[in-house]
Amino acid sequence: GALVYQYPRRTICKSGTSMRMECQAVGFQATSVAWYRQSPQKTFELIALSTVNSAIKYEQNFTQEKFPISHPNLSFSSMTVLNAYLEDRGLYLCGARATGPGQLYFGEGSKLTVL
Amino acid sequence: GDSVTQTEGLVTLTEGLPVMLNCTYQTIYSNPFLFWYVHYLNESPRLLLKSSTDNKRTEHQGFHATLHKSSSSFHLQKSSAQLSDSALYYCALIFYGGSGNKLIFGTGTLLSVKP
């Protein structure tokens, strides 16, 4: 079956430092990978959508300078939260999708705590 | 703009009663895909139901939903709530447009089933 492994599951970092998270798709080719953030008490916010062989599209309020994403092949994607501060706390999720319309397969999430 | 609305933030039910979680959407695209994801604590969100076919009932694990394009709705229902149904439920809209793909989540509804 299709699975997405996401790691690390939890990170505690000092304010101003960075955190990198990775997603590995297994059992399907992840043509598109969406990165989300669930801030405390909030819904999932789409950070960016990455499609292989296309430019990464960032949503309003999110930038490549703050959340650089790499999607080098059909099974792997990573995102870094640079210079993390309190407002960056939350659960970061990757959702991967194969070619064509269809469901996202989610990773288990990377919880970021900023001290 | 495009949006997904879940009017209830919290639904509390007694076990055995019927479940209905509301989801309406707004989009300019005529063929959106609607999804319900369920998110149990400490697990990754997983797909519960999906549909892109107007007026066709889709079922899974006792839950069902029908996409009604005339009313832009995709309400989630179950005839009899179980304690194990307690979780966060997200309605999501996915469409594929000329300007790129879009994935939008509703704010989520926390379903709490009591004995």
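Brief remarks on what is shown
- Considering B:Thr107, B:Thr53, B:Thr58, B:Thr66, the condition of being touching a Lys or Arg at 6+ places or on another chain (Cβ under 6 Å) and either within 11 Å of chain A (Cβ to nearest Cβ) or not charged (D, E, K, R) (or both) is satisfied by B:Thr66 alone.
- Here the stretch A:1-39 is the region considered, the condition is being within 13 Å of another protein chain (Cβ to nearest Cβ) and outside any strand (DSSP E or B), and the residue that is farthest from A:Leu74 (Cα to Cα) is A:Ser39.
- Residue, surrounded by the fewest Cβ atoms within 10 Å (Cβ to Cβ), within the stretch B:6-33, restricted to residues that are within 11 Å of chain A (Cβ to nearest Cβ) and within 24 Å of A:Leu93 (Cα to Cα): B:Gly9
- Selection of the stretch A:3-49 for residues being of a type in the set (Val, Ile, Thr) and over 20 Å from B:Leu103 (Cα atoms) yields A:Thr11, A:Ile12, A:Thr17, A:Val26.
- Taken together, B:Tyr40, B:Tyr29, B:Tyr90 contain a single residue that is touching a residue at least 12 places away in the same chain (Cβ under 8 Å), of a type in the set (Ser, Thr, Tyr) and under 17 Å from A:Leu46 (Cα atoms), which is B:Tyr90.
- Scanning the stretch B:68-89 for residues that are outside any loop (DSSP other than H, G, I, E, B) and hydroxyl-bearing (Ser, Thr, Tyr) yields B:Ser73, B:Ser84, B:Tyr89.
- Any chance B:Lys78 is in contact with an Asp or Glu (Cβ under 6 Å, 6 or more places away or on another chain) and at pLDDT 90 or above: no
- Within the stretch A:1-48, tally of residues that are over 13 Å from the mean Cα position of the chain (by Cα), over 24 Å from A:Gln60 (Cα atoms) and among the hydroxyl-bearing types (Ser, Thr, Tyr): 1
- Any hit, the stretch B:40-62, residues being over 27 Å from A:Arg10 (Cβ atoms), surrounded by 12 or more Cβ atoms within 10 Å (Cβ to Cβ) and among the aromatic types (Phe, Trp, Tyr): no
- Residue match in the stretch A:54-77 (condition: surrounded by 20 or more Cβ atoms within 10 Å (Cβ to Cβ), touching a residue at least 24 places away in the same chain (Cβ under 8 Å) and either of a type outside the set (A, V, I, L, M, F, W, C) or in contact with an Asp or Glu (Cβ under 8 Å, 6 or more places away or on another chain) (or both)): yes
- Hey, B:Ala65 touching an Asp or Glu at 6+ places or on another chain (Cβ under 9 Å) and in a strand (DSSP E or B) or not: yes
- Members of the stretch A:40-84 found to be of a type outside the set (Ser, Thr, Tyr), within 10 Å of chain B (Cβ to nearest Cβ) and either part of a strand (DSSP E or B) or touching a strand residue (DSSP E or B) at 6+ places or on another chain (Cβ under 7 Å) (or both), listed by number: A:Phe44, A:Glu45, A:Leu46, A:Leu49, A:Lys57, A:Glu59
The values are calculated or read from the model by the stated rules, or taken from the named source; none is laboratory data. A quick note: this is a predicted structure, and the numbers were derived from the prediction, not measured. Neighbour counts are summed over all protein chains in view; Cβ atoms, including those assigned to glycine, are modelled from backbone coordinates with ideal geometry.
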